1. Just give me the residues in segment 95-129 being closer than 17 Å to residue 54 by Cα and either hydroxyl-bearing (Ser, Thr, Tyr) or within 12 Å of the chain's Cα centre (by Cα) (or both), in sequence order.
2. For the structure I just gave you, tell me whether residue 10 is farther than 21 Å from residue 126 by Cα, out of contact with any Gly (no Cβ under 6 Å at 6 or more places or on another chain) and at pLDDT below 70.
3. Keeping to segment 96-131, report how many residues are open to solvent by 10 Å² or more (accessible area, probe 1.4 Å) and of a type in the set (Val, Ile, Thr).
4. From 44, 55, grab the single residue that is among the polar types (S, T, N, Q), at pLDDT 60 or above, closer than 19 Å to residue 83 by Cβ and surrounded by fewer than 18 Cβ atoms within 10 Å (Cβ to Cβ).
5. I'd like the full set of residues that are open to solvent by less than 10 Å² (accessible area, probe 1.4 Å) and within 15 Å of residue 62 (Cβ to Cβ), limited to segment 78-95.
Amino acid sequence: MASAFLLLLAAGVPLAAGEAGFTARDAGFGGSLTALADDASSVQYNPAGLVHMVQAEASATYAFLNNGLKTPNRGAGWSVTSGVPLNPKIGAFGASWRDIAEQGVYREQMAALGYGRSMMGRWSLGVAGRHVRRQFDSAQDALALGGDVPSTVGLDLGILGRMGKYWSLG
């Protein structure tokens, strides 16, 4: 029973089919940045990691989706992320925009704003708000992908602990 619960937690709720990482770093780590969050993209993975930025950052990513599929409409996605550390007592802010589309089938846009702050030495806490907008080009596609949910708002809470030079928990 406990393993089934953990499997559900790990699975999460998928956004776009064949989801690519927000950044090249995420793609390189296989999407496991929750405990490694320490840059502007932390607003997407674990907003508590925003406090570990050492300077203002901005990044942009473009990726093809579903590269292994032989479909006429190959999808693509892009994202822009930025973050600004203020000072250790105040914390850090981050923002991102993501647009994923497969021409003639689906489009998803997401905006996120996040804040992180150090707490109790090795620990940091963070919060990020998101707005996701989805658009399907046909009712059949909407039903096949779990129903037509045009837009939604979400809130992410994150915690990050640095246990030493090589260990972190997020």
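The values are calculated or read from the model by the stated rules, or taken from the named source; none is laboratory data. Owing to the predicted nature of the structure, the values given are computational and were not obtained by experimental measurement. Note that each Cβ is placed from the backbone with ideal geometry, even for glycine, and that neighbours are counted across all protein chains shown. Calculation scope for accessible area: heavy atoms of the full protein, side chains included, ligands and nucleic acids excluded. Shrake-Rupley method; radii C 1.70, N 1.55, O 1.52, S 1.80 Å.
1. 95, 114, 115, 118, 124
2. no
3. 2
4. 55
5. 79, 81
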